[in-house]
1. Return the residue satisfying two criteria in turn: it lies in the stretch 126-148 and is acidic (D, E), within 21 Å of F99 (Cβ to Cβ) and assigned to a helix (DSSP H, G or I), and of such residues it is modelled with the lowest pLDDT.
2. Do we have Q92 as modelled with pLDDT of 75 or more, open to solvent by 40 Å² or more (accessible area, probe 1.4 Å) and assigned to a helix (DSSP H, G or I) here?
3. Considering each residue of the stretch 160-170, count those that are open to solvent by less than 40 Å² (accessible area, probe 1.4 Å) and under 14 Å from P188 (Cβ atoms), and give that number.
4. Filter the stretch 41-80 for residues that are open to solvent by less than 60 Å² (accessible area, probe 1.4 Å), assigned to a helix (DSSP H, G or I) and aliphatic (A, V, I, L, M) and give the result.
5. Which residue out of K122, K151, K179 is at pLDDT 75 or above and open to solvent by 70 Å² or more (accessible area, probe 1.4 Å)?
6. Of everything in the stretch 161-199, what is among the basic types (K, R) and in contact with a Phe, Trp or Tyr (Cβ under 7 Å, 6 or more places away or on another chain)? Give them in sequence order.
7. Of a type in the set (A, V, I, L, M, F, W, C) and loosely packed, with under 15 Cβ neighbours inside 10 Å, is that true of L214?
Amino acid sequence: MIIFTPVLPKSTSMNRSLLLFLFFFAFLKMNAQQITEKNTDSLYFQGLELYQNKQYQQSLQYTNRGLQLAPEYHDIRILRVRNLWALDSIVQATTDLEFLMQNAQDYPGVRELTVRHTKLLKDPEEALAYLEQLEMVHNAIDGEEALEFLKQKDRLPEIILLHLNMPKMNGIEFLSILKQDETLKYIPTIILTTSNNRKDLLDCFNIGIARYILKPLKYDDYLYKLKSLLDYWSINELIKV
């Protein structure tokens, strides 16, 4: 078998080589400008403009450079998180958010950014862990501790996830006390339990609950239910108590 290949004239071949060389030189020059830029404000605003134009990868290069020069420049780190979201690099965004929560939790936008990030995480337990770091989730080991926390009424939760089987005070007893309080009774309460006892179900709904959810045996099914629950309540309008 004979394969014929066209032979380019020398002039055409040289022109193509020259064009490739010029393109490569221009590419190196562009990257050199990014690497040598030392003004962090300039890096931030150039990165922001690229982000607004949906040039996320280029914007990410500016934020990376900015954080090399100034790791405490929180606006640049927040911008990098947004770029990573756009590029579907959730794991890397998680690392940046952990840094912000540890070093700049009260910085404008950090809490809202973290709450939004939890909705992108596939593991609802990981999402709850983030919210707990922001003191947006409070765990009580029993009904008495939960009531003591709620009596403070300075940081009331938007929803309550309640187990029926708890030490000292079971879930139905806790629920009865909760619904007698003129302020606390408006907080949506969701039962998470392994009990499919009809009496428990009727008692809970008679006292006043928002949902009654059976815990599935499989861990993956439990995570799916928990994620669906958080997604549902995140879009609901709740009474501010």
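1. Narrowing the stretch 126-148 to residues acidic (D, E): 126, 132, 135, 142, 144-145, 148.
After this cut, where a residue has to be within 21 Å of F99 (Cβ to Cβ) as well, the list is 126, 132, 135.
Filter once more, so that each one left must be assigned to a helix (DSSP H, G or I): 126, 132.
On the way: E126: 62, E132: 58.
Selected residue: E132.
2. Numbers: modelled with pLDDT of 75 or more: yes; open to solvent by 40 Å² or more (accessible area, probe 1.4 Å): yes; assigned to a helix (DSSP H, G or I): yes.
Judged against the criteria, Q92 is a match.
3. 2
4. L43, L48, L50, L60, L67, I76, I78, L79
5. Working: K122 fails: at pLDDT 75 or above; K179 fails: open to solvent by 70 Å² or more (accessible area, probe 1.4 Å).
None of the other options fit; the residue is K151.
6. From the stretch 161-199, those among the basic types (K, R) are 168, 179, 185, 198-199; that's our starting set.
None - no residue of the stretch 161-199 is among the basic types (K, R) and in contact with a Phe, Trp or Tyr (Cβ under 7 Å, 6 or more places away or on another chain), so the list stays empty.
7. Values: of a type in the set (A, V, I, L, M, F, W, C): yes; loosely packed, with under 15 Cβ neighbours inside 10 Å: yes.
Considered against the rule, which asks whether it is of a type in the set (A, V, I, L, M, F, W, C) and loosely packed, with under 15 Cβ neighbours inside 10 Å, L214 comes out as yes.
The values are calculated or read from the model by the stated rules, or taken from the named source; none is laboratory data. Model, not experiment: these values are computed from the prediction. A quick note on method: Cβ atoms are made from the backbone with ideal geometry, for glycine too, and the neighbour counts reach across all protein chains shown. In case anyone asks, the SASA skips ligands and DNA or RNA and just uses the protein heavy atoms, side chains included. Shrake-Rupley method; radii C 1.70, N 1.55, O 1.52, S 1.80 Å.
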